[in-house]
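S.K.: Submitted below is the structure of interest, expressed as structure tokens.
The values are calculated or read from the model by the stated rules, or taken from the named source; none is laboratory data. On a predicted model such as this, the values are computed, not experimentally measured, just so you know. Cβ sites come from the backbone with ideal geometry, for glycine too, and all protein chains shown count toward neighbours. Keep in mind that these areas ignore ligands, DNA and RNA; they rest on the heavy atoms of the full protein, side chains included. Shrake-Rupley method; radii C 1.70, N 1.55, O 1.52, S 1.80 Å.
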Amino acid sequence: MKILVIGSGGREHAIVRRLAADSPAPQLHAAPGNPGIARHATCHPVALDDLDGQVSLALELAADLVVIGPEAPLVAGSADRLRDAGLTVFGPSAAAARLEGSKSWAKEIMVAAGVPTSRSVTVSERSELAAGLDRVNPLGDVPFVVKADGLAAGKGVVVSPDRGIATAHGESVLAAGGTVVLEEYLDGPEVSLFCLSDGTRVVPLAPAQDFKRALDGDEGPNTGGMGAYSPLPWAPEGLADEVIATVAQPTIDELAARGIPFVGVLYCGLALTSRGVRVIEFNARFGDPETQVVLERLTSPLGPLLLAAAQGDVAAAGEITWSEDASVAIVLAAAGYPAVPRLGDVISGIEAAEEAGAHVIHAGTVQPTGSDLTCSGGRVLSVVGTGSTLDAARQRALDGIALIQLEGAHFRRDIALRAARGEITL
Ligand code: AMP
Ligand code: GLY
């Protein structure tokens, strides 16, 4: 099987790495890829926004399957273009990817499908902000949640008890011509659950937890994700089945009824609140860095699973099986991330980290022929540790990341710590 993976981040490196472990191994290509992906796949210099280039490349390669990793090409219609050219694609159409591209539309779908989520108000005028905040947080006794409606790479959301900060964020989004979604605050631990759909049916992968804030102790600004782990020892048994029944299947059904089949990953970002499971957000793709830990634990083949979903029968690939081992990913972020990351510095120590028993996933790296590996993005690497316990996996990842040098880089030391200590309760 010949597979083309579109993307250049950590998620795509993790996907390609796992595909390369399938038996028989598929022939792997990536566009544009990155230096880590290049270890497993032939990389082609086709940019993420070059939809024509993606179609030509997939046709030229005669790819049996195209897997689209990031949200930007999905929202821009890459999957539609590839399907129109007769290719088999894992990734939703632009119409279906709107679940991620528009938070207000996602809310509309959830309400129509009866999916449990926070109360929300969509605001497009400055004069409506104050009343909207009162509606979603009438007592003002919990944090305000203010989101840019469109794609923002995980950085369009402000959660703050300070009404002034919440208002200022809303105003800045509106001033830039955007729409704002105000939400009721959801408490309780967060879970990321990737649900694979063929447009009709939907199956869950293993739940993971992501760490969105930049600093230890969940301090600092929101990021795209600073680390992740799986499994979740504290999660209720049957969580994945419950989410399929109450969230994923009704959403897939609602979209199908509107003539918008969703083929790909419906990423359910959930809060396990005292009143039950609530959706925080949908994404239309695998999460990053959760993919690094979820696929690390997948023991059944990945390629046939994605192909089966893309061909319209996700069940055809057979049972999905998991390792009992735990996996922890810690993201190494560039100095200045998430605000203005400093780029261009040399990265070293990856081999030492891997010799110490971790593996290293590339996200924001480049290495022109004959030159050093340098930093080209805010989230630079993720270092993944595996072990029989969360604690062991955590330690492997921490030992590995300590051996990597990148000036000014930062990472969180508390990824999976509270779970490993049994401190997360529902
Ligand atoms: P989102 O991009 O919608 O996932 O939001 C980013 C992060 O902000 C989430 O992972 C949560 O940690 C937090 N967040 C978003 N919406 C809410 C909410 N309604 N209540 C509490 N926290 C939220
Ligand atoms: N880790 C969060 C995301 O991929 O959106």
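S.K.: State yes or no: is LEU266 farther than 25 Å from GLU423 by Cβ and in contact with a Phe, Trp or Tyr (Cβ under 6 Å, 6 or more places away or on another chain)?
M.R.: no
S.K.: Ok, one more. Checking the structure you have, find out if any residue of the range 134-144 is open to solvent by 10 Å² or more (accessible area, probe 1.4 Å), away from ligand 1 (no atom under 12 Å from the Cβ), aliphatic (A, V, I, L, M) and modelled with pLDDT under 95.
M.R.: yes
S.K.: When the residues of the range 145-191 are filtered to those that are open to solvent by 50 Å² or more (accessible area, probe 1.4 Å), under 26 Å from the mean Cα position of the chain (by Cα) and among the aliphatic types (A, V, I, L, M), which remaining residue is nearest to GLY224 (Cα to Cα)?
M.R.: ALA153
S.K.: If I filter the range 255-276 down to residues being farther than 12 Å from ALA97 by Cα and surrounded by 13 or more Cβ atoms within 10 Å (Cβ to Cβ), which single residue comes out as nearest to ligand 2 (Cβ to nearest atom)? Walk me through it before giving the result.
M.R.: Going residue by residue through the range 255-276, those that are farther than 12 Å from ALA97 by Cα are 256-259, 268-276.
Those still in the list that are surrounded by 13 or more Cβ atoms within 10 Å (Cβ to Cβ) too: 256, 268-273.
On the way: ALA256: 24, CYS268: 11, GLY269: 7, LEU270: 12, ALA271: 14, LEU272: 17, THR273: 19 Å.
Filtering the range 255-276 for residues that are farther than 12 Å from ALA97 by Cα and surrounded by 13 or more Cβ atoms within 10 Å (Cβ to Cβ), the one nearest to ligand 2 (Cβ to nearest atom) comes out as GLY269.
S.K.: Looking only at the range 202-254, which residues are surrounded by fewer than 22 Cβ atoms within 10 Å (Cβ to Cβ), on the phi > 0 side of the Ramachandran plot and either under 17 Å from the mean Cα position of the chain (by Cα) or within 16 Å of ligand 1 (Cβ to nearest atom) (or both)?
M.R.: GLY217, ASP218, GLY220
S.K.: Go through the residues of the range 31-45 one by one and say whether even a single one is surrounded by fewer than 16 Cβ atoms within 10 Å (Cβ to Cβ) and farther than 20 Å from GLY377 by Cα.
M.R.: If we filter the range 31-45 for residues that are surrounded by fewer than 16 Cβ atoms within 10 Å (Cβ to Cβ), which is where we start, we get 38-39, 42, 45.
Next cut, farther than 20 Å from GLY377 by Cα only: 42.
Yes, the range 31-45 contains at least one residue that is surrounded by fewer than 16 Cβ atoms within 10 Å (Cβ to Cβ) and farther than 20 Å from GLY377 by Cα.
S.K.: Suppose the filter is more than 22 Å from VAL66 (Cα to Cα) and in a loop (DSSP other than H, G, I, E, B); does GLY217 pass it?
M.R.: Numbers: more than 22 Å from VAL66 (Cα to Cα): yes; in a loop (DSSP other than H, G, I, E, B): no.
For GLY217, the condition - more than 22 Å from VAL66 (Cα to Cα) and in a loop (DSSP other than H, G, I, E, B) - is not met.
S.K.: Follow-up. How many residues does the range 69-124 contain that are open to solvent by less than 50 Å² (accessible area, probe 1.4 Å), touching an Asp or Glu at 6+ places or on another chain (Cβ under 6 Å) and of a type in the set (A, V, I, L, M)?
M.R.: The number of residues fulfilling the criteria is 3.
S.K.: Ok, one more. Provide a single number: the residues in the range 282-307 that are open to solvent by less than 10 Å² (accessible area, probe 1.4 Å), more than 16 Å from ligand 2 (Cβ to nearest atom) and part of a helix (DSSP H, G or I).
M.R.: Qualifying residue count, the range 282-307: 3.
S.K.: To continue, here is another question. From the list GLY312, GLY377, GLY336, GLY385, pick out the single residue that is outside any strand (DSSP E or B), touching a Lys or Arg at 6+ places or on another chain (Cβ under 7 Å) and modelled with pLDDT of 95 or more.
M.R.: Working: GLY312 fails: touching a Lys or Arg at 6+ places or on another chain (Cβ under 7 Å); GLY377 fails: touching a Lys or Arg at 6+ places or on another chain (Cβ under 7 Å); GLY385 fails: outside any strand (DSSP E or B).
When all the criteria are applied, what remains is GLY336.
S.K.: Every residue in the range 46-90 that is charged (D, E, K, R) and within 18 Å of LEU28 (Cβ to Cβ), please. Walk me through how you get there before you give the answer.
M.R.: If we filter the range 46-90 for residues that are charged (D, E, K, R), which is where we start, we get 49-50, 52, 60, 64, 71, 80-81, 83-84.
Once the filter is applied, which keeps residues that are charged (D, E, K, R) and within 18 Å of LEU28 (Cβ to Cβ), the range 46-90 yields GLU60, ASP64.
S.K.: Please name all residue pairs, on different chains or six or more residues apart, with Cβ atoms under 8 Å, provided the first residue is in the range 153-165 and is more than 8 Å from ligand 1 (Cβ to nearest atom) and modelled with pLDDT of 90 or more and the second residue is of a type in the set (A, V, I, L, M) and part of a helix (DSSP H, G or I).
M.R.: Partner pairs satisfying both residue conditions: VAL158/ILE165; VAL158/ALA166; SER160/ALA166; ARG163/LEU133.
S.K.: When you check VAL279 against the structure, is it open to solvent by less than 10 Å² (accessible area, probe 1.4 Å) and away from ligand 2 (no atom under 14 Å from the Cβ), yes or no?
M.R.: On the way: open to solvent by less than 10 Å² (accessible area, probe 1.4 Å): yes; away from ligand 2 (no atom under 14 Å from the Cβ): no.
Judged against the criteria, VAL279 is not a match.
S.K.: Which residue pairs have Cβ atoms closer than 7 Å, lie 6 or more positions apart in sequence or on different chains, and pair a first residue in the range 166-189 that is without any contact (Cβ under 8 Å) to a residue 60 or more places away in the chain and closer than 10 Å to GLY150 by Cβ with a second residue that is within 16 Å of ligand 2 (Cβ to nearest atom) and open to solvent by 30 Å² or more (accessible area, probe 1.4 Å)?
M.R.: From residues that are without any contact (Cβ under 8 Å) to a residue 60 or more places away in the chain and closer than 10 Å to GLY150 by Cβ, the pairs are GLY178/GLY150.
S.K.: Which residues, counting only those in the range 46-67, are assigned to a helix (DSSP H, G or I), open to solvent by less than 50 Å² (accessible area, probe 1.4 Å) and under 17 Å from MET1 (Cα atoms)? Please lay out each step first, then the result.
M.R.: Of the range 46-67, the ones assigned to a helix (DSSP H, G or I) are 51-61.
Filter again for open to solvent by less than 50 Å² (accessible area, probe 1.4 Å), leaving 51, 53-55, 57-58, 61.
Within the range 46-67, LEU57, ALA58, LEU61 meet the criteria.
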